[in-house]
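The values are calculated or read from the model by the stated rules, or taken from the named source; none is laboratory data. On a predicted model such as this, the values are computed, not experimentally measured, just so you know. No Cβ is skipped: glycine too gets one built from the backbone with ideal geometry, and neighbour counts run over all protein chains shown. Side chains included, ligands, DNA and RNA excluded: accessible areas come from the protein's heavy atoms. Shrake-Rupley method; radii C 1.70, N 1.55, O 1.52, S 1.80 Å.
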Amino acid sequence: MKTVLKIEGLSKHFVSRSGPSWRRRESVVRAVDGVSFELGENEVLGLVGESGCGKSTTGSLIVRLLDPTSGSIIHRGLDIACLPETELLESRKKIQLIFQDPFASLDPMMTLGEIVAEPWEIHGIYGPKERRNEAVHLLESVGLDGELSGRYPHELSGGQRQRIAIARALALDPEILIADEPTSALDVSVKAQIINLLGDIRDTRGLSMIFISHDLSMVRHISQRIVVMYLGRIMEYGPTGEIFARPNHPYTRALLDAIPVPDPMKRGKRTIIRGEALAPDASEEICPFYPRCERRGADCDRKRPPLVETGRGRFAACLYPETEAVR
Amino acid sequence: MFTYVLKRLVSLVVTFFVVSMIIFSLMHSIPGGPFDEDKMPLSPAAKAKIMAQYGLDKPLAVQYVRYMESVLRFDFGIPYQSPGETVVALLSRAWPPSFLLGGLGLLIGTPLGILLGIAAALRRNRPVDYIASAVSTLGITVPIYVISLMLMLVFGVWLKWLPTNGWGNPVSWILPVAAYAIVPLATFARYTRSSFLDVLNKPFVTVLMAKGLPYRTVIFKHVLKNAAIPMVTIFFPIFIGITTGSIFVEQMFRVPGLGSYFVTSISKRDYPLEMALILLLTLMVGIAYIVTDIAYYYLNPRTRIK
Amino acid sequence: MNDLTVVRSPGFYARRRFFDNKASVFSGAFIILLTAAAIAAPLITPSSYADQKYLDEALAFPSARHWFGVDNVGRDLYARIIYGARVSLGIGVVSALASIAIGVPLGAAAGFFGGVIDWIVTRIVEIFSVIPPLLVAILAASLFGGGILNIIIISSAFGWVGVARLVRGQVLTVKGREFVQAARAMGAGSKHIIVRHLIPNSISPIIVGFVLAIPQAMMLEASLSFLGVGINPPIPSWGQMISDGLYFMFFYWHLPLFPTLFLAVTVLTTSIFGDGLRDAFDPTLKGK
Ligand SMILES: Nc1ncnc2c1ncn2[C@@H]1O[C@H](COP(=O)(O)OP(=O)(O)OP(=O)(O)O)[C@@H](O)[C@H]1O
Ligand SMILES: [Mg+2]
């Protein structure tokens, strides 16, 4: 599989200041902490983890809405992590982001036609008239009525709005689509429609996608590989089927066990996440999951577990992984 | 906290000097001195003599330094409009009426405004609420001289119940005090109402009521205490309103106070008096600002705990 | 669309909130009427504002011939009041426009670029919110002289502050909204974001700031004219007419009464109208 995007050691630390000027306190949140993964051509990579683990931050870093603290993002042989804004235009055409909340990501003062044509406007593609015609085609390509182009976002349902956001992301014919929880603000009934639309887009356009979600069953349905994050770090990374069948990391197991199973009789022994989460100002040389971990060993609070290969194409950051040998 | 107060005081002193410098240079660089031909026909020689006598012929910087030196010795010079006394003597004659009337207005208007605001909050969308909102809108938007004039017309001219000017008889204080009182009355009524409604909607009030505490206790002890904190911040605009208002009120009701001297000092280009009044005002406004700020800081539990 | 609920624009709700507010609708009607009268002044008044046509009737009380009476130098008071509306509204509107012209770019720049620009603008706004505008205005008018132009300069020097504060706040919230992030992720530059997103989404606070700046400027003009450092006679100003009328108050109360009523009602209605607009556009701002 050809690699279209390579992320290495990507970190984002937020420094927040609090208190009055004469008693300033600083605290560092390591929202993304040394994350590495690759995205293959025409692949859907699932990025999962509980709320606050740094999924959106990772997405924002890749499109450079945020500047990384360290690490590299290789796209087409270029490290876009440290390019200045002015030289980012090309990669910004090729990597598009779809936001979680379709109510907030569309400008209420613009018509739908203007919204989907905005990327062309920004990059100076097409004249005003062509833009209007192309916008209608674009709307139709995501299953909307071309007539809608004169309407405003508030006249649409949530699902329709998310289609608009997807259409906008497709306008520049990108290579990579980053979808940040594109369905979490939607009704159950339209979730599947949007997921199917994204699947179709991948098939017909041959693009790659990073699909961010906290819903493991959704990710399982759409992605070939998944990245599991916890408190800014990658816990486990590998092919979807294998991870679901045999998780290597205790955190992944806990996550999988938390998925509701329709038939109670089929429910096996469940690992339940217990205990306090790690304090945000804890040391770096630590496994962030150790206070809650069932399998923790003596040095889990003293050593940072590296992301190591635990099988073919499988990686886990655990000192005591659940590999074949251990089981 | 101590360093904070100190910082504020230092910035007040700096402001004071900056203001004095700006005003001083502005007043002395604008054409049209107090001894201009059209006001007082003087021969050039006589004019030069008077200018020298008042030090108006020296360079501006020298005049300023000299002036500030004497200010620090509490000597503001001699007012051009009444050369028989010093500025300090004139001011010490003028401040009691101003402070008396303004203070009375504040003392009467504040409790009335708070009570009206509470009544409006407790009886929402009833007549009291409408009256309160009418009174506060009127008092906040309409200039004080309009209110003064209405009071004069109604009670002085048409009903002939009250005198509209004079200073000797306390009966003649009633109308100016009423005009001043409108400022805190209107502002407090509006602010108390919204601040009270905010607190009334908090869950802890529901809990207290549910615990069976008497209604009165809840309202006057718990709700009022919480609503009072943000209300401290409006003391400053009210102070400004009354200070500014005194210029108009004192002129209309012919009160021999600081406000009316402010107007005459400006129209007569009486530099020494004008400078003294502006410096006094800067100081008063600055102190009122700091006091409001510190009071808020102390009353607000969120900042106090730290 | 397959759902049955009628979708309505935010504008629809804003309009409905505005028209539900009887006081502001009434105020709007009064302002329209007064503006029309001010524009049509020569057509609806018996004489011009400076004509001393009625010297033999000086100080006459209101009558069918002179609706508001005649002043001490034989001028029709009604004519002076209507022409005074021109001065008052004119100064109010022009100062408000000037306040917008200064306040919108400064507030937008402060909110959008942040950093040093924001620091400077917020410091200036802070200073302006501590100094009492009227006192400084009196001083400035007495030093530099009154007159229409100077009054407009003075009142916009204070009026822009409120506009800048409103616009800065709005730009800060809009800037953080996801559609702006989306535009940035697509490669949009500052110019595109300001022109296509920030300004269109800040229209309502700008309108509100404009309307609320009008009564402030009118009040400032009237106050300065009242103290004799404002509009130069014989141009009529309500503030000056009130102060002139004070001398005659005891016997000819109509002289101060009518300008007072007009000033009070005009300032009151423009404020109520502005508040009504603000509440209609953004109900969460109510009472702030
Ligand atoms: N601008 C910021 N300043 C400071 N901290 C931030 C900022 N943005 C995010 N964070 C912190 O970084 C961490 C990761 O946030 P992020 O939004 O990436 O999480 P997420 O995985 O997308 O969560 P969710 O599922 O809730 O969307 C959180 O702890 C958050 O508080
Ligand atoms: Mg997120």
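Just a few scattered comments:
- Test: residue in the stretch A:76-96 that is within 16 Å of ligand 1 (Cβ to nearest atom) and either part of a helix (DSSP H, G or I) or open to solvent by less than 10 Å² (accessible area, probe 1.4 Å) (or both): no
- Hits in the stretch C:203-238 (condition: aliphatic (A, V, I, L, M) and surrounded by fewer than 23 Cβ atoms within 10 Å (Cβ to Cβ)): C:Ile203, C:Ile206, C:Ile207, C:Val211, C:Leu212, C:Ile235
- Among the residues of the stretch C:203-226, the ones that are at pLDDT below 85 and within 10 Å of another protein chain (Cβ to nearest Cβ) come to 1 in all.
Here's the yes/no breakdown for (1) open to solvent by 50 Å² or more (accessible area, probe 1.4 Å); (2) within 14 Å of another protein chain (Cβ to nearest Cβ); (3) at pLDDT below 85:
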position: A:Glu8; (1), (2), (3): yes, no, no
position: A:Val15; (1), (2), (3): yes, no, yes
position: A:Gly19; (1), (2), (3): no, yes, yes
position: A:Arg23; (1), (2), (3): yes, yes, yes
position: A:Val29; (1), (2), (3): yes, no, yes
position: A:Leu47; (1), (2), (3): no, no, no
position: A:Ser51; (1), (2), (3): yes, no, no
position: A:Gly54; (1), (2), (3): no, no, no
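- Every residue from the stretch C:141-154 that is within 14 Å of chain B (Cβ to nearest Cβ) and buried (at least 23 other Cβ atoms within 10 Å of the Cβ): C:Ala141, C:Ile154
- Residues of the stretch A:64-77 classified as in contact with a Ser or Thr (Cβ under 9 Å, 6 or more places away or on another chain) and within 14 Å of ligand 2 (Cβ to nearest atom), total: 1
- Just so you know, in the stretch B:256-273 the residues that are within 9 Å of another protein chain (Cβ to nearest Cβ) and surrounded by fewer than 24 Cβ atoms within 10 Å (Cβ to Cβ) include one that is nearest to the chain's Cα centre (by Cα), and it is B:Val263.
- Filter result for C:Met241 (touching a residue at least 60 places away in the same chain (Cβ under 8 Å), surrounded by 24 or more Cβ atoms within 10 Å (Cβ to Cβ), more than 18 Å from the chain's Cα centre (by Cα) and more than 8 Å from chain B (Cβ to nearest Cβ)): yes
Matching residues to (1) within 14 Å of another protein chain (Cβ to nearest Cβ); (2) outside any loop (DSSP other than H, G, I, E, B); (3) more than 13 Å from ligand 1 (Cβ to nearest atom):
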residue	(1), (2), (3)
A:Asp173	yes, no, yes
A:Leu177	yes, yes, yes
A:Ala185	yes, no, no
A:Gln193	yes, yes, yes
A:Asp200	no, yes, yes
A:Arg220	no, yes, yes
A:Val227	no, yes, no
A:Ile243	no, yes, yes
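- Counting only residues that are open to solvent by 10 Å² or more (accessible area, probe 1.4 Å), more than 8 Å from every other protein chain (Cβ to nearest Cβ) and either at pLDDT 85 or above or under 22 Å from B:Gly286 (Cβ atoms) (or both), the stretch B:240-255 holds 3 of them.
- All positions within the stretch A:130-187 that are hydroxyl-bearing (Ser, Thr, Tyr) and either away from ligand 2 (no atom under 16 Å from the Cβ) or open to solvent by 40 Å² or more (accessible area, probe 1.4 Å) (or both): A:Ser141, A:Ser149, A:Tyr152, A:Ser157, A:Ser184
- Checking each residue in the stretch C:155-179 for being within 13 Å of chain A (Cβ to nearest Cβ) and open to solvent by less than 10 Å² (accessible area, probe 1.4 Å) picks out C:Val174, C:Phe179.
- Evaluation of C:Ala182 against the conditions (1) touching a helix residue (DSSP H, G or I) at 6+ places or on another chain (Cβ under 7 Å); (2) surrounded by 24 or more Cβ atoms within 10 Å (Cβ to Cβ) shows that the sole unmet condition is (1).
- Exactly one residue among A:Ala165, A:Ala169 is in a helix (DSSP H, G or I), in contact (Cβ under 8 Å) with a residue 40 or more places away in the chain and touching a Pro at 6+ places or on another chain (Cβ under 6 Å), and that residue is A:Ala165.
- A Cβ distance below 8 Å, combined with a sequence gap of six or more or placement on separate chains, defines the contacts here; from the stretch A:54-66, residues that are outside any helix (DSSP H, G or I) reach residues that are open to solvent by 10 Å² or more (accessible area, probe 1.4 Å) and within 9 Å of ligand 1 (Cβ to nearest atom) in the pairs A:Gly54/A:Lys12; A:Gly54/A:Ala31; A:Gly54/A:Leu231; A:Leu66/A:Lys12; A:Leu66/A:Thr57; A:Leu66/A:Ser60.
- Single residue of B:Val146, B:Val128, B:Val183 found to be assigned by TED's automatic domain parsing to the domain that holds B:Asn201, open to solvent by less than 10 Å² (accessible area, probe 1.4 Å) and part of a helix (DSSP H, G or I): B:Val146
- Residue within the stretch C:101-123 that is within 14 Å of chain B (Cβ to nearest Cβ) and either more than 19 Å from the chain's Cα centre (by Cα) or free of Cβ contacts under 8 Å to residues at least 24 places away in the same chain (or both) present: yes
- Filter result (within 11 Å of chain C (Cβ to nearest Cβ), outside any loop (DSSP other than H, G, I, E, B) and among the charged types (D, E, K, R)) within the stretch A:97-131: A:Glu114, A:Glu118, A:Glu121
- Residue ID - surrounded by the fewest Cβ atoms within 10 Å (Cβ to Cβ), chosen from residues in the stretch A:202-216 that are polar (S, T, N, Q) and more than 16 Å from ligand 1 (Cβ to nearest atom): A:Thr204
- When A:Ile80 is tested against the conditions (1) more than 8 Å from chain C (Cβ to nearest Cβ); (2) more than 14 Å from ligand 2 (Cβ to nearest atom); (3) hydrophobic (A, V, I, L, M, F, W, C); (4) touching a Gly at 6+ places or on another chain (Cβ under 8 Å), the lone failure is (4).
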